[in-house]
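Below is one structure, written out as structure tokens; the observations come after it.
The values are calculated or read from the model by the stated rules, or taken from the named source; none is laboratory data. Just so it is clear, the model here is predicted, and its values are computed rather than measured. Cβ sites come from the backbone with ideal geometry, for glycine too, and all protein chains shown count toward neighbours. When the accessible area is computed, the model is the full protein with side chains, heavy atoms only, and any ligands, DNA or RNA have been set aside. Shrake-Rupley method; radii C 1.70, N 1.55, O 1.52, S 1.80 Å.
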Amino acid sequence: MAMRQTPLTCSGHTRPVVDLAFSGITPYGYFLISACKDGKPMMRHGDTGDWIGTFLGHKGAVWGATLNTDATKAATAAADFTAKVWDAVSGDEVLTLAHKHIVKTVNFTKDSTCLLTGGNDKLLRLYDLINPEAAPQEIAGHTSAIKKALWCNNDKQILSAADDKTIRLWDRSSMEEVKQLKFDTAVSSMEYLADGEILVITYGKTIGFYNALSLDLIKTVDAPAPINSASLHPDKDFFVAGGEDFKLYKFDYGTKEELESYKGHFGPVHCVRFSPDGELYASGSEDGTLRLWQTAVGKTYGLWKCVLPEELGSENSEPLYTTPPEIKA
């Protein structure tokens, strides 16, 4: 009998969780940041979901949040027409970057010296964090609100997805559009994997995988329900997706076969991401919670501890968890 998935539930937010991101693996482990419509992004230990702190300062819903690779800096995008940069160790606000409209997305370069933002004013902005007083570089071209913007190709190029039903690839040095993908419906999410240069996007019920440099299609997979977010495992053997039917789906990346599905939330799933070590994935939902799910169910990792049948002195016992069915982190 298959073991039952036991997610860790991270409470604390009071409104829908709309974005989440992991840091890289640091000497202190890895970390997770969540963006929420309550205006109070939170930082947690990535492997346990334990709360570390809340970044206080925004005066509206926070739509996007990210951590730099070593988890020393955080950035947030909000409905108060600002993006903010934070010291992720102390929780102090470092910079407020004023925009002309709602900001939806933020992303650091690998060296944390430049911040990319995008939002409802249809412009991509590049802020020099070494010289924050300088006016940002601006890239125009999208005709509707920008939903997500990411650095790619060793920070030499930028990928952006917008409500104009396009994904565009831009050259950082020339600020020109290199290529564009058009869809019949708005793209709901976008993930970039530097290892292999893979772009994962969702639109309608479809999860699409593209080469991030050429924007050539690798494959598409259709899910049973409209999907809001998907994430490819670092080893590229499977991917997870979540959406409007409150469920999380796990698919084999090679065969496209649906492997598992779990109803773990009490509202639509807005965001899902694998941890940097691939041992778990996190989901954020309309229900105001984050949940952490094991990639390999039954493995001892983080707060999950599995008691194997032989340890119970019986050959026929079902595998038992030492954790209760729902763990509040």
Flagged in region 63-82 as under 20 Å from LEU292 (Cβ atoms) and either of a type outside the set (A, V, I, L, M, F, W, C) or in contact with a Pro (Cβ under 9 Å, 6 or more places away or on another chain) (or both), in numbering order, are ALA65, THR66, ALA74
Checked region 265-295 for anything in a loop (DSSP other than H, G, I, E, B), within 22 Å of GLY204 (Cβ to Cβ) and touching a Ser or Thr at 6+ places or on another chain (Cβ under 9 Å); matches are HIS265, GLY267, PRO268
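Residue-wise test of (1) open to solvent by less than 20 Å² (accessible area, probe 1.4 Å); (2) assigned to a strand (DSSP E or B); (3) in contact with a Leu (Cβ under 7 Å, 6 or more places away or on another chain); (4) in the same structural domain as SER144 (by the TED database).
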position	(1), (2), (3), (4)
VAL178	no, yes, yes, yes
VAL187	yes, no, no, no
THR202	yes, yes, no, no
LEU215	yes, no, yes, no
LYS219	no, yes, no, no
ALA225	yes, no, no, no
Going through region 272-306 in order, the residues found to be of a type outside the set (Ser, Thr, Tyr), under 18 Å from PRO41 (Cβ atoms) and open to solvent by less than 10 Å² (accessible area, probe 1.4 Å) are VAL272, ALA282, GLY284, GLY288, LEU290, LEU292
Per the filter on region 46-68, residues crowded, with 18+ Cβ neighbours inside 10 Å and of a type outside the set (Gly, Ala, Ser) are ASP47, THR48, PHE55, HIS58, VAL62, TRP63, THR66, LEU67, ASN68
Checked region 103-156 for anything among the aliphatic types (A, V, I, L, M) and either open to solvent by less than 20 Å² (accessible area, probe 1.4 Å) or under 21 Å from the mean Cα position of the chain (by Cα) (or both); matches are VAL103, VAL106, LEU115, LEU116, LEU124, LEU126, ILE139, ALA145, ILE146, ALA149, LEU150
